[in-house]
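The values are calculated or read from the model by the stated rules, or taken from the named source; none is laboratory data. Keep in mind the model is a prediction, meaning the values are calculated, not measured. Backbone-built Cβ (ideal geometry, glycine too); neighbour counts: all protein chains shown.
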Amino acid sequence: MSPQPKFVIKNLSFYYGGKRAIHDLSLDIAANEILSVIGPANSGVTTLLRALNRLGDLVPGARMEGEILMDGKSVYDPDVSVTELRRKIGMVFEVPTPLPMSIFDNVAYGPRLIGKANGKSVAESVERVLRKAALWDDVKDRLKTPAMSLSGGQQQRLCFARVLALDPEVVLLDRPCSGLDPISTAKIEESLSQLKEQYTIVVAPHNVQQAARISDRVAFMLTGSLIEENRNVEIFSRPKDQRTSDYVTGRFG
Amino acid sequence: MRISPRAGERIVKVLIWAAAMLVMAVLVFIVAYILAKGLHVIDWRFLASAPSNMGRSGGISTTIIGTLMVTVTAVVIAAPLGIGTAFYLAEYTRENFVTKIIRFSAESLAGIPSIVYGLFGLIFFVVYLDMRWSVLSGGLTLALMILPTVIRTSEEAIKAVPYIYREVSFSLGATKWQTIIKAVFPSALRGIANGILLSVGRCIAETAAVILTAGSTLRMPTSLFSPTRTMAVHFYILAREGISMENAYGTAALLIILIFLINVVANTLINRFVAKSR
């Protein structure tokens with residue numbers, strides 16, 4: 001593990017109105033690692049990801065306790081700019097979510113928000129990130145066509161490219177491959193393993209096998225609590241907790 | 001006796017088809033009848049020359065200009081207010097007492113007969129604010145009249161934009177305003193524009209509210225403060241006072257054509273914009 005973790009999560013609890021989605025969770029996330037957060041539905045995995053980039057703030061009645069430090073500074077600190085924070089922490093959603101505009105405009109959406117002009121530099125960075133997301137060859141001749149016209153897998157890679165265009169430090173992926181075919185899934189997984197040199201990646205995989213394939217470390221959550229976190233091999237070959245063992249071997253979930 | 005599901009299916013199909021055809025037929029009949037009666041009156045002279053002898057002869061140029069001026073005034077005032085209110089209701093506030101009041105007021109206003117708006121415009125704009133019978137008085141009155149429609153249709157259109165667009169936009173570091181302008185507005189535009197178009201149609205066709213607030217002079221309006229007569233009012237006076245049925249039908253035909261043209265042009269523009277933003 002690198003000297004200073006990218007994220008330090010201390011005693012985090014997260015509530016939607018009266019309902020508690022995360023219960024007293026503490027976890028460190030190292031820089032430049034791929035961390036998988038696994039768990040059955042309603043375990044708080046999505047809530048945890050959305051707490052990191054403060055997207056959870058948008059839900060009416062949402063409330064959190066505890067602390068989330070990024071590079072040693074609380075993401076909820078009053079002088080943290082939420083928009084800047086979200087540029088540093090990109091997010092790919094479960095369903096492919098191209099905005100109703102062209103492929104190019106989708107990728108350029110983030111850079112344009114901070115006033116980067118439509119000039120050559122934007123075109124270059126659009127190409128660069130589309131290559132990283134393994135989509136460039138599919139779309140290079142039709143950048144001006146609607147993003148909705150792409151296939152599901154292509155749309156998700158587009159969303160991935162759109163996040164990379166922010167030049168983020170962290171990439172969150174919430175079950176990014178759940179609706180995708182195996183080839184698109186493989187392409188996304190491949191990009192992930194190449195990209196961890198540059199980014200810290202937190203992913204909620206859509207199944208245990210994907211966690212085993214891609215992650216350096218795995219955290220297992222159940223009904224809002226962190227049950228166990230460890231290096232990939234440890235979780236899968238020598239889980240400490242019976243519930244972890246049951247989950248990763250497919251006995252429930 | 002029980003009807004077999006298959007026969008039932010067939011009967012329902014015929015009934016629904018008949019309903020649609022009946023509505024179509026009525027519509028087509030009205031439009032065809034008026035065009036048949038009025039179309040031959042319309043020529044360049046009718047469009048371009050001013051009415052003379054109370055409208056018995058001459059054209060209707062001053063009423064066309066009057067109609068356009070009153071309608072544009074109304075839309076220019078009501079559209080920003082209405083769309084702004086809709087965004088406030090849909091994006092900037094949660095359901096609470098204030099939003100309920102706003103929505104209830106808007107709905108009540110939508111149900112008021114237009115003559116009541118006319119009376120209010122007469123008392124408030126024309127007399128109390130001393131704007132006299134004028135394009136401005138008429139435009140303001142019509143603006144009040146169409147405001148509920150603009151708010152309602154815009155709010156529906158904004159709410160119909162998938163929530164995930166907003167989340168995506170926020171997650172990419174957009175502020176609330178950037179999200180509204182770049183992600184929500186383009187998707188809601190078609191619905192918003194439809195509401196505005198509906199309102200334009202109502203402004204053009206309105207009689208009662210305008211006759212009390214913009215007057216009925218046949219002089220050419222030269223500014224926002226000139227009194228004027230709109231086409232609908234002209235049509236009403238020509239027919240009501242038996243001045244010239246000929247010219248009344250000509251005016252009516254032109255009203256229909258105008259509304260049709262506005263719809264076609266606006267839809268083309270919106271399609272082009274939406275195609276570009278998709």
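Looking at B:115, B:77, B:123, B:83 in this structure, which one is in contact (Cβ under 8 Å) with a residue 60 or more places away in the chain, more than 28 Å from residue B:186 (Cα to Cα) and either touching a helix residue (DSSP H, G or I) at 6+ places or on another chain (Cβ under 8 Å) or aliphatic (A, V, I, L, M) (or both)?
Residue meeting the stated conditions: B:115.
In this structure, is residue A:27 touching a strand residue (DSSP E or B) at 6+ places or on another chain (Cβ under 6 Å) and either within 12 Å of another protein chain (Cβ to nearest Cβ) or among the aliphatic types (A, V, I, L, M) (or both)?
So residue A:27 passes the test.
Considering only the stretch B:162-169, I want to know if a residue exists there that is in contact with a Leu (Cβ under 7 Å, 6 or more places away or on another chain), over 29 Å from residue B:224 (Cα atoms) and of a type in the set (D, E, K, R).
yes
Would you be able to say whether some residue in the stretch B:101-118 is within 14 Å of another protein chain (Cβ to nearest Cβ), over 14 Å from residue B:212 (Cα atoms), assigned to a helix (DSSP H, G or I) and more than 21 Å from the chain's Cα centre (by Cα)?
No, the stretch B:101-118 has no match at all.
Would you mention how many residues in the stretch A:150-179 are farther than 22 Å from residue A:110 by Cβ and touching a Lys or Arg at 6+ places or on another chain (Cβ under 9 Å)?
0
What number of residues in the stretch B:221-278 are basic (Lys, Arg) and within 19 Å of residue B:58 (Cα to Cα)?
2
Please verify whether residue A:86 is buried (at least 16 other Cβ atoms within 10 Å of the Cβ), at the interface with chain B (Cβ under 9 Å from one of its Cβ atoms) and over 17 Å from the mean Cα position of the chain (by Cα), treating the condition exactly as stated.
no
Six or more apart or on different chains, Cβ under 9 Å: which pairs go from a residue in the stretch B:205-232 that's more than 11 Å from residue B:114 (Cα to Cα) to one that's among the acidic types (Asp, Glu)? Could you list them?
B:230/B:206; B:232/B:206
Restricting attention to helices (runs of 4 or more DSSP H) lying wholly within the stretch A:136-199, give those where 3 or more residues are crowded, with 18+ Cβ neighbours inside 10 Å and within 14 Å of another protein chain (Cβ to nearest Cβ).
The helices (runs of 4 or more DSSP H) meeting that bar are A:152-164.
Is at least one residue of the stretch A:74-96 at pLDDT below 90, on the phi > 0 side of the Ramachandran plot and not polar (S, T, N, Q)?
Scanning the stretch A:74-96, I find no residue that is at pLDDT below 90, on the phi > 0 side of the Ramachandran plot and not polar (S, T, N, Q), so the answer is no.
Kindly provide the set of residues from the stretch B:168-195 that are farther than 21 Å from residue A:163 by Cβ, of a type in the set (A, V, I, L, M) and either surrounded by 20 or more Cβ atoms within 10 Å (Cβ to Cβ) or away from chain A (no Cβ under 11 Å) (or both), ordered by number.
B:180, B:188, B:192, B:193 - these are the residues of the stretch B:168-195 that are farther than 21 Å from residue A:163 by Cβ, of a type in the set (A, V, I, L, M) and either surrounded by 20 or more Cβ atoms within 10 Å (Cβ to Cβ) or away from chain A (no Cβ under 11 Å) (or both).
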